[in-house]
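What follows is a set of notes on a single structure, which appears directly below.
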Amino acid sequence: MNTILRKSILGVAGLAFTGGVFAGPVAAHAADTTHTKPVSVSVQGDKLIPHGVQGEQSRIDLNDEQIKNVKAIIAATKKAGMDERAAVVSIATALQESKLENLGHLGDRNDHDSQGLFQQRPSSGWGTVEQITDPEYSTTAFLKGLKQVDGWQDMPLTKAAQTVQVSAYPDHYAQWEQQAADLVAQHWNS
């Protein structure tokens, strides 16, 4: 075989392999509902993931109702005069607390009287059941708490979320940072 033709074929094969290596995980990641390895550098920009993600990341497929709740969180964040980073923290928190489902009373499966997107509790002063199951109200209440956390913009997402939420599982918020950033990037200007 002629040397030029052989180098051309090997070059195309190398590009195809390289493209598969880089495109394969991205395509697989889009449908992945399991943990993935942490990303060390933000591809979203410094407002969405300013320090890279912490730990393994989780991802779930969202239905229309969950996307509607994402958009409600973003709208409430804008209305509160806060930026994309606040929306990322809010969405990651709601992903952990409710998988972005506006949960009502779940009987024995409830954590005390926690309800809504953020699993806020009427007995802890978050508002009435009607209020905390309203996505705009519950997001605004969460953001009000976030604003009171000194330096929240510069701390790891899980620490900012935990300071507001006071969860029994403080590190679990971190696993949703990449998906939350992707959702904010996708819906912030829509």
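The values are calculated or read from the model by the stated rules, or taken from the named source; none is laboratory data. Values in this document were obtained by computation on a predicted structure and should not be read as measured data. Cβ: placed from backbone, ideal geometry, glycine included. Neighbour counts: every protein chain shown. Areas reflect the complete protein model, heavy atoms only, side chains present, ligands, DNA and RNA absent. Shrake-Rupley method; radii C 1.70, N 1.55, O 1.52, S 1.80 Å.
Put simply, the amide H of Leu103, placed in the peptide plane, has neighbours under 5 Å in Gly116, Leu117, leaving out anything fewer than 5 places away on its chain. Peptides 131-140, 170-179, 73-82, 56-65 ordered by packing proxy, namely the average of other Cβ atoms within 10 Å per residue, highest first: 170-179, 131-140, 73-82, 56-65.
Solvent exposure of Ser124, expressed as accessible area, is near 70 Å², computed with a probe of 1.4 Å over the protein chains only. Computed over region 51-190, the P(r) curve from all C-alpha pair distances, binned at 10 Å from the origin, holds 13, 48, 35, 5 percent per bin. With a simple spin-label model that places each label point 7 Å from the Cα along the Cα-to-Cβ direction, the separation between Asn63 and Asp150 comes to 4.5 nm. Label separation (Glu56 vs His187): 2.6 nm, computed from points 7 Å beyond Cα along the C-beta direction.
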